[in-house]
Amino acid sequence: MRRTGKWRWLLLLPLAGLALTGCKGTLWSKKDEVRIGKEVSLEVEKAYKLDPNPAHQQRVQLIGQRLLTVAKVEPYEYTFKVLDSEEVNAFALPGGPVYVMRGLLEMVGNDDDELACVIGHELAHINRRHAAKQVTRGTWASVLIALGTKGKVRDIAEISAALLQLKYSRNQEYEADRLGLEYAYQSGYDPNGMIRFFQKLLAKQKEGDKGILANLRTHPLTENRIWRARQHIEKLTGKPAQEAKP
Ligand SMILES: [Zn+2]
């Protein structure tokens, strides 16, 4: 199929960004989520090219696999890929696909702990079924239930468009931050990476880098997330959270 108007929603996908990606009361089964995630990921990878740098792909996969040693939930089929985009963004699809944009890799530099916390956050959205929960609550529910549970996804464009409009609740974002930190810590990364990441984000937001960070508007205020992350790190590690160097 040619990439015509029908696929234009894909260009908007990063706006949903970190928002795209909970276990009770959902209308999709976990297997539905896996199927839907796979279908949508095919479209994502048509619209965005994968980052051609194998070192980038390998780095994200290695970190993802290490997090999975503590974060794996059946029957999800996790994948970790880098998309060739300058945006500072990462997002997950229901059932397993995790995407990191090249622009985010560039922002974290060589700090694997930061990246592990970001990927952990995305894994938490998948594992806690946040998208499925939001879809179930939303006005899209009837369309999505019909499309999502008929054995075959018949109109992926509609599901994708619905996922695009999906916003996580503030509490889901806090939960993803908290769980992401735990995954990172339990698999041997420094959870203070989360604070360093947020502080870089905050600096960028203060620069007014609106285009690049549009997606992050769906997230709770960064200062608030830093404060919560700090509390959780102290609980988790029994040590004071570390400030990032200015
Ligand atoms: Zn999120």
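Near Thr79, the amide H atoms lying under 5 Å from its own belong to Val98; only residues 5 or more places off or on other chains count, and H is placed 1.01 Å from N. In terms of distances greater than 24 angstrom between alpha carbons, the cross-link table entries Lys49/Lys133; Lys49/Lys72; Lys38/Lys167 yield Lys49/Lys133; Lys49/Lys72. Applying the Karplus relation 6.51 cos²θ - 1.76 cosθ + 1.60 with θ = phi - 60° to segment 97-109 yields 3J(HN,Hα) values of x, 10, 10, 10, 7, 4, x, 6, 4, 5, 5, 7, x Hz, where x marks Gly and Pro.
Figure the gain on full extension for Gln58 and Gln186 (residue separation times 0.36 nm, minus the Cα-Cα span) and round it to one decimal in nm.
44.0 nm
Any read-out appearing in this document is the output of simple, stated calculations on the displayed coordinates, not a laboratory observation. Everything numeric in this text was worked out from a predicted model, so none of it was measured.
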